[in-house]
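The values are calculated or read from the model by the stated rules, or taken from the named source; none is laboratory data. Small disclaimer: the values here were computed from a predicted structure and weren't measured. Every residue, glycine as well, gets a Cβ built from its backbone with ideal geometry; the counts of neighbours run over all protein chains shown. Only protein heavy atoms, including side chains, enter the accessible area calculation; ligands, DNA and RNA are left aside. Shrake-Rupley method; radii C 1.70, N 1.55, O 1.52, S 1.80 Å.
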Amino acid sequence: MTDTDLIFHRKGSLGFVTLNRPAALNALSLDIVRRFDPQLRAWAVDPTVEAVVVQGAGDKAFCAGGDLKMLYQAGRDAAGGLGSAPAIREFFYRQYSLNRLIKRYPKPYIALMDGIVMGGGTGVCQHGSHRIGTERTLFAMPETAVGIFPDVGATYFLPRCPGGLGMFLGLTGARLKAADCLHAGLIDAHVPFASLDGLIDDLANLKAQGGALPTAIAAVIEWHAAFPGTPPLQAHRRAIDRCFGLERLEDIFAGLDAEGTEWAAGVLNTLRRMSPTSLAVAHEAMRRGADLEFEDCMVMEYRLSQALIAGPDFYEGVRAILVDRDNNPRWNPASVEAVAAAGVDRYFQPPPHDDLRFTDHNRPSEK
């Protein structure tokens, strides 16, 4: 990590945050999260800053997520070979606090979601006031493939997607382009990549009258927006809503099997490759999150993160996908049925160390 991994600068009335680790697909490190938060707070009370724009450097990614290899190594270095080391606890605590700061930010927060947007990267864009995708946007929540769960506020925003889309995305890790993101409510507008510079110039020079800055920003974005095309997911919406709206995880598996289509068979095969523990925890967390306030979701997610990081599947998933790259994780337990029999309530209990808490200091406003 160097000071150039996260760049802050001003353009007109805009404050810019640039995630600048293109070789690592702009993945979030602990040091990045440590620096991101105080700058947002400073701009929140700076009268010369009208709005904040967040972007990723390079031509591949906005942000591909948290630095899983760092978490993996920190856990491996902990006593017993896996567990919630202090660096792991701090990373999740600070990251979730940052997510909450963005959610309650008192000024327009504009995320330019150009390129890969996955995992932890969604936490620095989804909670902003204006989310912009391009033809290069590739969105996914792939956590169940590495033994964890869709977090950074996903237990709040995924259940609020239309129909069964949120549960589908959270369990399968399906990858969406801009048209599907717009269909799912994960972006507010599609702006072609070639138009982003013009959009930024117009935003930097914007002076709203009568304090209606968010409305003026939305109008500028709409001026630069373009139709992204027909969303491919639309063809499968009825099946998604039918299957992923079912009560139990086992029912979702059975519903997909009963569909009898090539698409449903492919989705079922995808689910069978995921961590059964992660699937069960994610399913229950999204069910609960549908009825929770944002802060309550974040507290729940912190508890889940600490419980799952102390179990075997995260380390096995990262080993198989990112370290050894054999793509052959050996999950424990190995089946959804075994996880269901054992139950998942224990993952939702407070951690043995401090719980996630929010104070007035990190609650600058409500929105």
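State the number of residues belonging to segment 194-226 that are under 24 Å from the mean Cα position of the chain (by Cα) and open to solvent by 60 Å² or more (accessible area, probe 1.4 Å).
So the count comes out to 1.
Please tell me if Arg242 is free of Cβ contacts under 8 Å to residues at least 40 places away in the same chain and of a type outside the set (A, V, I, L, M, F, W, C).
No, not satisfied.
Being farther than 19 Å from Asp77 by Cβ and in contact with a helix residue (DSSP H, G or I) (Cβ under 7 Å, 6 or more places away or on another chain) is the filter here; which residues of segment 293-313 pass it?
Phe294, Glu295, Cys297, Met298, Met300, Glu301, Tyr302, Arg303, Leu304, Ala307
Inside segment 288-311, can you point out the residues that are in a helix (DSSP H, G or I) and over 19 Å from Gly66 (Cβ atoms)?
Once the filter is applied, which keeps residues that are in a helix (DSSP H, G or I) and over 19 Å from Gly66 (Cβ atoms), segment 288-311 yields Arg288, Gly289, Phe294, Glu295, Asp296.
Can you name the condition, by its number, that Leu256 falls short on among (1) touching a residue at least 24 places away in the same chain (Cβ under 8 Å); (2) more than 29 Å from Ala87 (Cβ to Cβ); (3) buried (at least 17 other Cβ atoms within 10 Å of the Cβ)?
So the condition that Leu256 fails would be (1).
If the requirement is being at pLDDT 95 or above and touching an Asp or Glu at 6+ places or on another chain (Cβ under 6 Å), which of these qualifies: Gly173, Gly164, Gly185, Gly198?
Gly164
Scanning for something modelled with pLDDT under 95, open to solvent by less than 20 Å² (accessible area, probe 1.4 Å) and β-branched (Val, Ile, Thr), does segment 322-331 turn up at least one residue?
The answer is no, given that none of the residues of segment 322-331 is modelled with pLDDT under 95, open to solvent by less than 20 Å² (accessible area, probe 1.4 Å) and β-branched (Val, Ile, Thr).
Could you list, in sequence order, all residues of segment 158-173 that are closer than 15 Å to Pro142 by Cα and either touching a Ser or Thr at 6+ places or on another chain (Cβ under 7 Å) or free of Cβ contacts under 8 Å to residues at least 60 places away in the same chain (or both)?
Here is the first cut: in segment 158-173, the residues closer than 15 Å to Pro142 by Cα are 158, 165-173.
Correct list: Leu169, Leu171, Thr172, Gly173.
When you go through (1) closer than 19 Å to Asp114 by Cβ; (2) open to solvent by 60 Å² or more (accessible area, probe 1.4 Å); (3) in a helix (DSSP H, G or I) one by one for Cys181, which number turns out not to apply?
Exception for Cys181: condition (2).
Show the residue pairs that are 6+ apart or on different chains and have beta-carbon atoms under 7 Å apart, the first residue being within segment 270-295 and in contact (Cβ under 8 Å) with a residue 12 or more places away in the chain and under 18 Å from Val344 (Cα atoms), the second being surrounded by fewer than 17 Cβ atoms within 10 Å (Cβ to Cβ) and of a type in the set (Ser, Thr, Tyr).
Close Cβ pairs satisfying both conditions: Pro276/Ser335.
Could you please find all residues in segment 109-131 being in a loop (DSSP other than H, G, I, E, B), crowded, with 22+ Cβ neighbours inside 10 Å and not acidic (Asp, Glu)?
Residues satisfying the conditions are Gly115, Cys125, Gln126, His127.
Is it the case that some residue within segment 176-193 is within 15 Å of the chain's Cα centre (by Cα) and closer than 30 Å to Gly311 by Cα?
Looking for residues that are within 15 Å of the chain's Cα centre (by Cα) and closer than 30 Å to Gly311 by Cα, one finds at least one in segment 176-193, hence yes.
For segment 47-62, which positions are surrounded by fewer than 22 Cβ atoms within 10 Å (Cβ to Cβ) and either within 19 Å of the chain's Cα centre (by Cα) or touching a residue at least 12 places away in the same chain (Cβ under 8 Å) (or both)? Steps first, answer last, please.
So the first thing to find is which residues in segment 47-62 are surrounded by fewer than 22 Cβ atoms within 10 Å (Cβ to Cβ), and the list is 47-50, 57-60.
Thr48, Val49, Glu50, Ala57, Gly58, Asp59, Lys60, listed by residue number.
Report yes if some residue within segment 28-46 is surrounded by fewer than 17 Cβ atoms within 10 Å (Cβ to Cβ) and either in contact with a Cys (Cβ under 7 Å, 6 or more places away or on another chain) or assigned to a loop (DSSP other than H, G, I, E, B) (or both); otherwise report no.
yes
So, Ala307, is that one modelled with pLDDT under 95 and within 15 Å of Ala285 (Cβ to Cβ) or not?
yes
Which one of these does Ala87 not meet: (1) under 18 Å from the mean Cα position of the chain (by Cα); (2) of a type in the set (A, V, I, L, M, F, W, C); (3) open to solvent by 10 Å² or more (accessible area, probe 1.4 Å)?
(1)
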